[in-house]
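Single-structure report; data block below.
Just so you know, all these numbers are worked out from the coordinates, no wet-lab data involved. Everything numeric in this text was worked out from a predicted model, so none of it was measured. Glycine gets a Cβ as well: all are built from the backbone with ideal geometry, and neighbour counts include every protein chain shown.
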Amino acid sequence: MEGSQGAKLPHFLLLPYPIQGHITPMVKLAHKLLRHGSRVTFLTTEFAHSRMKKAASGRDHTHHRNFRILSVSDGLPAQHERKDEIEVGQSFSRAMPAHLHAFLSSSSSNNKVINQEEIISCVVADSVMLWAVEISKRFGIKTAVLFVSSPGNLSMVLQIPKLIQAGIIDPENGSPRKAEEMEISPNLPKLRSRDYTWNIPGDDELMKKMVFYAMTLVNRSLRAADWVLCNWFSQLDPSAHALLPGPTTLLPVGPLLMLSGETSQGGNLWAEDSTCLSWLDAHPPGSVVYVAFGSTTKFNRAQAQELAMGLELLARPFLWVVRPGLIEDDNDGGGFMNSKMGKVVGWAPQERVLDHPSVACFLTHSGWNSVVEGIGFGVPLLCLPYRGDHFYIRTCVCEGWKVGMELNPDDGGIVTRDEVKRKVEDLLRDDEIKASALMWKELAQASATEGGLSDQILADFVCKMTTV
């Protein structure tokens, strides 16, 4: 866009919520924007940026003269362990608005002493950051939010007022008042109370209330922004564009995948163990069960042992990502999972794993990044949701898009080894799911590749910045 006419590049300020599942799609979006001729400033916390650099072993993953990462304090001391999600989230929400205001003040179009390239064309904030939309609008800057979950969960969040008005949920904490199903999209399964995004395992009522409140803020930010960018492709829910009547425009720009020939884009908070790729090379096509539960899932030791024993009973190779903190009270680093059939790593280059021909299926927590990557690479999914948006994503995977199955716990809440073995074997025998997975892969990659529908939507979005 710069080049022969010397036009000023659009300049995007990207603001991710500082946890892995939100940083990952924002980093991918940054690289897509760069590819379409933009400047990108990525504003994150000092703690998250430090972990990203450590995970990359000091290597600079920006690799682009028009991409820079800036970091600011999240309001907590540097030595703070940041293990309490509520405390971290509250501190971040208190500290960041002032940082954003200061940054936009210094890069305002009214500031005649700065380089014109520093002026922000559009702020792209995580959808949980209503305050970022409001502050940006005060400066007269265009705003977009990145919605990091699925189309069904977007529908659910936008219809919270209807759920309250119909008396289906409690307005204070979202708890179900009626066991009613509700159609939230003509293309997706009906919403049941078990699928609410604000579901939290156990009896943590404070966390449930806080997550429900956060979803009401997301509802408002989705309606307040000029654009909503979504990490999916339109065929997953063709009616999603009608969810936001009025001035806000919904733009499906996904799946945000690292396609063939692209290199790692960074953004990890844990170092990738690439030895798993050579391990996969040594196994036949369609033979390996890939197991990964994202960045926040936690299992007690009994559940982790059942999963491990279920994988052993399969008598087939498996690759299991066991990040620090996955297993509660784990003092031996998951040593009970030592196996001749399996390989355990702390963090994996997931897209390269899913794109590997030896991978047969993906046992997942049903987080949206993992599911959309599984769909994008045509890998059948076995769902074990943990919390939040995982539940309705699981329902859409199994009942809507028909690309997977779910694991069911017993009466004691444990997914047993026999259930793991049985469901993996059922999944690998199901030719309809395999065919459906391949169909969705073709649609996903056709949309994400250069010139595809999602790619063109993002290109048009960037072009609009030259006229606003």
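What value does the chain have for Rg/Rh, both radii from Cα atoms and Rh as Kirkwood defines it?
0.95
Residues in the stretch 219-256, backbone N under 14 Å from the label point at residue 64 (7 Å along the Cα-to-beta-carbon vector): list them, ranges by number please.
The answer is 256.
Would you calculate, for the chain, the mean residue ellipticity at 222 nm contributed by helices, counting each DSSP H stretch of 4 or more residues as -39,500 (n - 2.57) and dividing by all residues, to the nearest 500?
Rounded to the nearest 500, it is -11500 deg cm²/dmol.
Using the Cα centre of the stretch 275-445 as the reference point, and only Cβ charges (+1 on K/R, -1 on D/E), how large is the resulting charge dipole? Debye, rounded to the nearest 20.
Once rounded to the nearest 20, the dipole reads 280 debye.
Give me log10 I(q)/I(0) at q = 0.22, 0.23, 0.32 Å⁻¹ for the stretch 6-45, Debye formula, one equal scatterer per alpha-carbon, no solvent.
Taking Cα atoms of the stretch 6-45 as identical point scatterers yields -0.66, -0.70, -1.08.
For the stretch 275-445, what is the relative contact order in percent, using Cα pairs closer than 8 Å and at least 6 residues apart in sequence?
Rounded, it is 25 percent for the stretch 275-445.
Mind checking the angle between helix 431-448 and the chain's longest principal axis? C-alpha axes, 0 to 90 degrees, to the nearest 10.
20
Taking the Cα centre of the chain as origin, work out the dipole magnitude from +1 charges on Lys and Arg Cβ and -1 charges on Asp and Glu Cβ, in debye rounded to 20.
Here the size comes out at about 1160 debye.
Please list, short to long, the whole-number percent of alpha-carbon pairs of the stretch 91-242 in consecutive 5 angstrom bins beginning at zero.
Taking all Cα pairs of the stretch 91-242, the binned fractions are 1, 9, 16, 17, 17, 14, 10, 7, 4, 3, 1, 0, 0 percent.
Quick one: 276, 463, fewest Cβ neighbours within 10 Å first, how do they rank?
The fewest-first ordering by Cβ neighbours comes to 463, 276.
When 390, 101 are ordered from fewest to most other Cβ atoms inside 10 Å of their Cβ, what list results?
Fewest-to-most Cβ neighbours within 10 Å comes out as 101, 390.
Nearest 0.05, what FRET efficiency do residue 418 and residue 50 give at R0 = 51 Å with Cβ-Cβ as r?
Here the calculated transfer efficiency is 0.70.
Report the one residue of 416, 123, 339 whose Cα lies farthest in the direction of the positive end of the charge dipole of the chain (charges on C-beta: Lys and Arg +1, Asp and Glu -1; origin at the Cα centre).
Farthest along the dipole direction, towards plus: 123.
Taking only Cα atoms, what is the 0 to 90° angle, nearest 10, from helix 205-224's long axis to the longest principal axis of the chain?
Between helix and principal axis, roughly 40 degrees.
Compute the Rg to Rh ratio over the stretch 156-262 from the alpha carbon atoms, using the Kirkwood formula for Rh, and round to two decimal places.
Using only Cα positions, Rg/Rh for the stretch 156-262 is 1.01.
Mind ordering 117-129, 424-436 by average Cβ neighbours within 10 Å, highest first?
Going by the mean number of other Cβ atoms within 10 Å, highest first, we get 117-129, 424-436.
Alpha carbons only, please: Rg and Dmax for the stretch 371-437, in angstrom.
Over the stretch 371-437's Cα set, Rg and Dmax evaluate to 11.9, 35 Å.
Residue 244's amide H: which non-local residues (gap 5+, or another chain) put their own amide H closer than 5 Å, with H modeled 1.01 Å from N in plane and none for Pro or chain starts?
For residue 244, no residues qualify.
With r as the distance between the Cβ atoms of residue 102 and residue 181 and R0 = 35 Å, compute the FRET efficiency 1/(1 + (r/R0)^6) and round to 0.05.
0.15
Treat the stretch 350-468 as a sphere of radius equal to its Kirkwood radius over Cα pairs and apply Stokes-Einstein at 10 °C in a medium of 1.306 mPa s; give the translational diffusion coefficient in µm²/s, rounded to a whole number.
This corresponds to a translational diffusion coefficient of 102 µm²/s.
With both partners inside the chain, how many of the DSSP beta bridges are antiparallel, as a percent to the nearest 5?
Here the antiparallel bridges make up roughly 5 percent for the chain.
Please state the equivalent ellipsoid semi-axes for the stretch 275-445: what are the square roots of 5 times the Cα gyration tensor eigenvalues, largest first, in whole Å?
22, 19, 15
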